[in-house]
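The values are calculated or read from the model by the stated rules, or taken from the named source; none is laboratory data. All values reported here derive from a predicted model rather than from experimental measurement. In this analysis, Cβ positions are derived from the backbone assuming ideal geometry, glycine residues included, and neighbour counts consider all displayed protein chains.
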Amino acid sequence: MLLDTASLYFRAYFGVPDSLRSPDGIPVNAVRGLLDFTARLVADHSPDHLVACTDADWRPQWRVDLIPSYKTHRLAPSPPAGPGEEEVPDTLGPQIPVIGQVLDAVGIARVGAPGYEADDVIGTLTARARGPVDVVTGDRDLFQLVDDARQVRVLYPVKGMGTLQSTDDALLREKYGVDGSRYADMAVLRGDPSDGLPGVAGIGEKTAAKLLAAYGSLDGVLAAVEDPSSGLTPTQRRRLREGAGYLAVAPRVVRVADDVALPDFDPVLPREPRDPMTLEELSDRWGLGGSLQRLLAVLAG
């Protein structure tokens, strides 16, 4: 089980009331929400291995070099944040290091790689996996990893943190008209305003899926542009030609890396805390109470 950690703590922050506070009044809703969610995931799905994948670089320069608008709208104003930092709600920022400290003390592997996003860590670990993989994320970009043959699915929160959509190839075909292997191609054509990816003008999700159904892949669509006998409409052919510069670089930006060099780590699900004394101190300092105890009880069981 691979957790898209930032995606999940953002969802916890917005889904759990900020009335959950430390003894000195600091909100801990993201911390406790993530702990409760992790406990529920372990209880419901019984993974043998669990990895909290992290953004060592949430907006890698190599992606920005290819598409300068990549995640631009999510940059924090400077000051107060430093240049290139992601905009984070004031009461979430202080909780992020606490989440890391708690996961470390519990013994849940936390893995990132310089110059890469959590998505790339997840893509790499999925590529290495020899057995079934559950990717837990609120980011649709990772639907590209879904692969029924390899038993890779995405558990996607659809209502707060309580209801998860189990995303397989059949569901993707039903909802988007493509399976996991073609999802990234569709995302390239469609674009994604939330990531600053413009897509091809005039080609939305449905049109992208129809093009991929007709021509098999993004490469097939591009080949059809140059084939006068293909079934592309004049407007589609023109728009794809006008988007040629974007289409030349967007696949590398959209597709997650699967060959990232990762540090050594132990992914085995811990049965008892790695550092009980530190964990007790963190629990007392931040008032983690029942949320932490529920997680520890599930792990012990």
Identity of the residue in the stretch 232-258, among the charged types (D, E, K, R) and in contact with a Gly (Cβ under 7 Å, 6 or more places away or on another chain), that ends up farthest from Gln144 (Cα to Cα) | Arg239
Run Ala170 past the list (1) outside the structural domain of Thr235 (by TED's automatic domain parsing); (2) surrounded by 14 or more Cβ atoms within 10 Å (Cβ to Cβ); (3) more than 23 Å from Ala118 (Cα to Cα) and report the number of the one that doesn't hold.
-> (2)
Filter result for Arg182 (under 13 Å from Arg255 (Cβ atoms) and free of Cβ contacts under 8 Å to residues at least 40 places away in the same chain) | yes
Selection status of Thr278, more than 30 Å from Ala208 (Cα to Cα) and outside any loop (DSSP other than H, G, I, E, B) = yes
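With the condition kept exactly as written, say whether any residue in the stretch 84-95 is in contact (Cβ under 8 Å) with a residue 40 or more places away in the chain and buried (at least 21 other Cβ atoms within 10 Å of the Cβ).
yes
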Among the helices (runs of 4 or more DSSP H) contained in the stretch 1-120, which hold 1 or more residues that are of a type in the set (Asp, Glu) and within 27 Å of Gln293 (Cα to Cα)?
-> 29-45, 95-106
